[in-house]
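Quick notes on the structure that follows.
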Amino acid sequence: LPQPVTPDLLVSPSSQDGDLGSECPEDRGNWTGRLDFLLSCIGYCVGLGNVWRFPYRAYTNGGGAFLVPYFIMLAICGIPIFFMELSLGQFSSLGPLAVWKISPLFKGVGMGTILIVSLVAIYYNMIIAYVLFYLFASLTSDLPWQHCGNWWNTDLCLDHHVIRAGNNTLPVNISNTVSPSEEYWSRYVLHIQGSSGIGDPGRIRWNLCLCLLLSWTIVYLCILKGVKSSGKVVYFTATFPYLILVMLLIRGVTLEGAWKGIQFYLTPQFDHLLSSKVWIEAALQIFYSLGVGFGGLLTFASYNTFHQNIYRDTFIVTLGNAITSILAGFAIFSVLGYMSQELGVPVNQVAKAGPGLAFVVYPQAMTMLPLSPFWSFLFFFMLLTLGLDSQFAFMETIVTAVTDEFPYYLRPKKASFSAAICIALFLMGLILTTEGGMYWLVLLDDYSAGFGLMVVVITTCLVVTRVYGMKRFCRDIHMMLGFKPGPYFRACWMVLSPATMMALLVYNIVKYQPSEYGNYRFPTWAEVLGILMGVLSCLMIPMGMVVAVLQEEGTLWERVQQASRPAMDWGPSLEENRTGVYVASLAGSQSPKPLMVHMRKYGGITSYENTAIEVDREMEEEEDDESM
């Protein structure tokens, strides 16, 4: 067979000739192994939230009964939007900005995505820096947060060994005391007593600053060669956490009192299902856990071959992510059950979510076990690997989005550009290493990916189904995978998913609560700053519309219509994949029967070209019906 020839408009100056010799654009990079994509998606979706958010959300929202709304929301929101993102990325082989050739009027959605991901990447790497700090602190014979009596401890500090000794005689009142692990976290790691609030950040904590520098260095080295390097690193970072999770789970369930914690975690309280809050919480957990709307899924899929079975991969990743969350709940609550028995307090007094679980409660539980430094090191190493592959996705999203916009200039210098992005985000994150850095981290966490992210996802869903057209989108998937999405996906894309997202958005606005960290309430200016972070990503959409309309000609309505249509070069990136209607949009395609040109050029008819013939036939029949 003759080698496929790449049309001129797809060849960048960095290419030596037009022959790319593979099914993916070579200068852009692509996955080098079959499992690279699947493991990258699993690593991206299975992150810190599975360990420190899902178990807590489950027990506060009905225990085992929470799994009912969780899996229903997974079916309505999670799986369909996940599949939509993968389909857009794989079909076009473009990043989150360039993919809006599908409808240039809405390119601002891509700009909003990049802004959100950049803000999240800043504080997410700070959490990885905290994990590195604890990882190094675990390399001792005695954990530093095991006992009171250190320079950072106060008179309120109470050692759990004292409590255990007291259980045999008189009950100890622990209501006005603080555990050594809590003081280690707040007074030594954060040194938060040096700051009076968010407006008084205090001095930089140089040990945290070095940990942040190390975490950015690790991330840069892993994404240095794009998906070719990160695709290999995820073989370790996506699989090793499962090994540690199983070890922690086995150790946890064999502890005395473990079943007390598991019973607390899973006892179903079906009356909770009548509350709208539980359903909203389930939808939020799905939304953030799968990472839809951040552009990571779209970016990873854009490096796939054109006919990769993303339909199968969608179900493997989404269901695997849900099962991992449930398993993590067992590992966490079995240890919390043991801890509550040791302290002689109810499980709900030791259960926490977020950083409080990872850096206070679980480390305290580790000190109660034999070989505590070993188990502590394992736990924090698991958090490190869970966090890193999510951070790889955030960085790959930013780099891919910008290099796809300026391929001639930036693709040959991708390593240097990646370094510049990492340095810039590291410098922006320096405020998080100060004594008041935790206040800034909470502000970023609460607002950077809040309602702005939901607006992005809702807009994407509506543009693909309403503006681009459901029939056209299903035809694209048919061309790519050999079959059309069934009624389940079409119903979710058209109605169920956007309606659920709208409900989430309205709930978030109506139930808005100001940010707080412990007993500290954020001042008004900080709240306004947080809200502006969310609003700015939404404002990108109308700003992008104005730019797109100004670039067109004619009356205002004609400009809007022209800008909302797909760009001339929208479609599969390689000529051999441009069957059916997409052949005519390539340079030099003059034939009224473009598919025949394609078949003569490449010889023979494959199963996918058969699919293209079916698509063409359907379109001709529709045109005949319309003319009649």
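Can you pull out every residue in the range 316-353 that is within 30 Å of Gly89 (Cα to Cα) and open to solvent by 60 Å² or more (accessible area, probe 1.4 Å)?
Filtering the range 316-353 for residues within 30 Å of Gly89 (Cα to Cα) gives 316-326.
Result: Ile316, Leu319, Ile323.
Checked against the criterion of being closer than 30 Å to Met368 by Cβ, assigned by the TED database to the domain that holds Thr397 and not acidic (Asp, Glu), the range 65-78 has at least one qualifying residue. Is there any pair with a first residue in the range 450-476 that is closer than 30 Å to Gly530 by Cα and a second that is assigned to a helix (DSSP H, G or I) and among the hydroxyl-bearing types (Ser, Thr, Tyr) whose Cβ atoms are under 8 Å apart and which are 6 or more apart or on different chains, and what are they? These pairs meet every condition: Gly452/Ser537; Leu453/Ser537; Val455/Ser537; Val456/Thr113; Val456/Ser537; Cys461/Ser497.
Considering every residue within the range 560-569, establish whether at least one is farther than 25 Å from Val581 by Cβ, assigned to a helix (DSSP H, G or I) and of a type in the set (A, V, I, L, M, F, W, C). Before the answer, list the steps.
Within the range 560-569, the subset farther than 25 Å from Val581 by Cβ is none.
Among the residues of the range 560-569, not one is farther than 25 Å from Val581 by Cβ, assigned to a helix (DSSP H, G or I) and of a type in the set (A, V, I, L, M, F, W, C), which makes the answer no.
Among the numbered conditions (1) buried (at least 17 other Cβ atoms within 10 Å of the Cβ); (2) outside any helix (DSSP H, G or I), the only one that Val583 does not meet is (2). Taking the condition assigned by the TED database to the domain that holds Cys41, touching a helix residue (DSSP H, G or I) at 6+ places or on another chain (Cβ under 8 Å), open to solvent by less than 30 Å² (accessible area, probe 1.4 Å) and under 22 Å from Phe522 (Cα atoms), does Gly356 pass? Taking the combined requirement at face value, the residue does not satisfy it.
Filtering the range 475-491 to residues that are surrounded by fewer than 20 Cβ atoms within 10 Å (Cβ to Cβ) and either at positive phi or part of a helix (DSSP H, G or I) (or both) leaves His478, Gly482, Pro487, Tyr488, Arg490, Ala491. Scanning the range 427-438 for residues that are in contact with a strand residue (DSSP E or B) (Cβ under 6 Å, 6 or more places away or on another chain) and open to solvent by 10 Å² or more (accessible area, probe 1.4 Å) yields a single hit, Thr434. Scanning the range 230-255 for residues that are aliphatic (A, V, I, L, M), closer than 13 Å to Phe37 by Cα and open to solvent by 20 Å² or more (accessible area, probe 1.4 Å) gives a single hit, Val233.
So is Leu74 open to solvent by 10 Å² or more (accessible area, probe 1.4 Å), within 26 Å of Asn309 (Cβ to Cβ), in contact with a helix residue (DSSP H, G or I) (Cβ under 8 Å, 6 or more places away or on another chain) and assigned to a helix (DSSP H, G or I) or not? It is false that Leu74 is open to solvent by 10 Å² or more (accessible area, probe 1.4 Å), within 26 Å of Asn309 (Cβ to Cβ), in contact with a helix residue (DSSP H, G or I) (Cβ under 8 Å, 6 or more places away or on another chain) and assigned to a helix (DSSP H, G or I). A search for C-beta distances below 8 Å between a residue of the range 244-257 that is assigned by the TED database to the domain that holds Ala331 and any residue that is open to solvent by less than 50 Å² (accessible area, probe 1.4 Å) and among the acidic types (Asp, Glu), counting only pairs 6+ apart in sequence or on different chains, returns Gly257/Glu342.
The values are calculated or read from the model by the stated rules, or taken from the named source; none is laboratory data. Computed from a predicted model, the values in this text were never measured in an experiment. Positions of Cβ are generated from backbone atoms using ideal geometry, with glycine treated the same way; all protein chains shown enter the neighbour counts. These area figures cover heavy atoms from the full protein model, side chains too; ligands, DNA and RNA do not enter into them. Shrake-Rupley method; radii C 1.70, N 1.55, O 1.52, S 1.80 Å.
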